[in-house]
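**Student:** Questions regarding the structure given below will be posed in turn.
The numbers here are math on the coordinates, done by the rules we state, and not lab data. Treat the numbers as computed from the prediction; the structure is a model and nothing was measured. Using ideal geometry, Cβ is built from the backbone for each residue, glycine included, and neighbour counts are taken over all protein chains shown.
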Amino acid sequence: MQHTANGRAAGNAARVALISGAASGIGLATAARLVDSGWTVYAGFRPEGRSAPPRQAQPRGQLHWLPLEVTDAAARHAALREIERAHGRLDALINNAGIHAGGPLEEVPEGTLRQVMEVNFFGAIALTRTFLPLMRLAGGGVILMVSSLSGLIGLPFDGAYAASKFALEGASESLRYELEPFGVKVVLLEPGAYATALAATPPGAGATPSAYRQFEQLRHARAGQGAHGAAPAEAARIIEETLLQHAPQLRVPCGAQALSVTEQLRTLAGDARRDFALAAAGVRG
């Protein structure tokens, strides 16, 4: 199968994309946008004991729902078999599945810390490794990792999530250089705040009071606030534009907040960086 420079299959065949974590938020918005633009989209969702698509999912063009727990090797390879059998290629892999766990790093349960790393880092890398042979043989495509501003700066009481995103950033940069000879592009999308279920996750829902007074204050202040930020449709637009670029940059700030933060971080060091991190987390210095 011959590909153009931006990874689209030659001829009239629609581009094929796989999105993990597509049941809601940015993943769902991206699936809808790409289908409306003529893509064939495989939307991965975490089945949690059921194989039917999420209730909020509506029939839409070439949208195919896949039960896909990214930490499950059998589910990953089942997705590969289905896409390879139907299309023989994958033009875009969007690693969007992610979970969050806030709290002082000392107090985050070890099982929770490992789960965050398993989904956000190991799951994304494992899904990428599953599909890489198919993409290399096809000679093109884009692997888009949905990272975070937390992959650029570690905020207090966000260490578990930041660790997973810092790891994803480093591995993805290495992978980008490794895949250049094969025509496969790797991109890190770094979103700011979006109104998603992840944004609505309460900071550290611990059963006992924290030894960290500032965290207790932060937790009480944010209780019941719910999701906040820009509409996921904005991120979906940026993702589609990035996928269609001939030479996308490695790191793509996603949204006005991300653009502002990224620009500020270029100039910050020492106490200035510390003060920025405390303020961003809502913690008093």
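**Student:** If all Cα-Cα distances of region 16-281 are sorted into 10 Å bins from 0 onward, what percent lands in each bin, rounded to whole numbers?
**Tutor:** Distribution as computed: 7, 30, 37, 20, 6, 0 percent.
**Student:** Measure off 7 Å from each Cα along the Cα-to-Cβ vector at ARG136 and ALA256, then give the distance between these two points in nanometres to one decimal.
**Tutor:** Going by the 7 Å Cα→Cβ label model, 4.4 nm.
**Student:** Compute the relative contact order of region 16-281 as a whole-number percentage, counting only Cα pairs closer than 8 Å that sit 6 or more residues apart in sequence. Don't skip to the answer; put the middle values down first.
**Tutor:** Working: 470 pairs, mean separation 50.5, N = 266.
Relative contact order of region 16-281: 19 percent.
**Student:** In region 142-179, whose amide N lies under 18 Å from the spot 7 Å out along Cα-to-Cβ of GLU263? List them in ranges.
**Tutor:** In region 142-179, the label zone of GLU263 (backbone N under 18 Å from the point 7 Å along Cα→Cβ) covers 149.
**Student:** Right, another one. Between ALA73 and GLU173, how many nm apart are label points set 7 Å from Cα along the C-beta direction?
**Tutor:** 3.1
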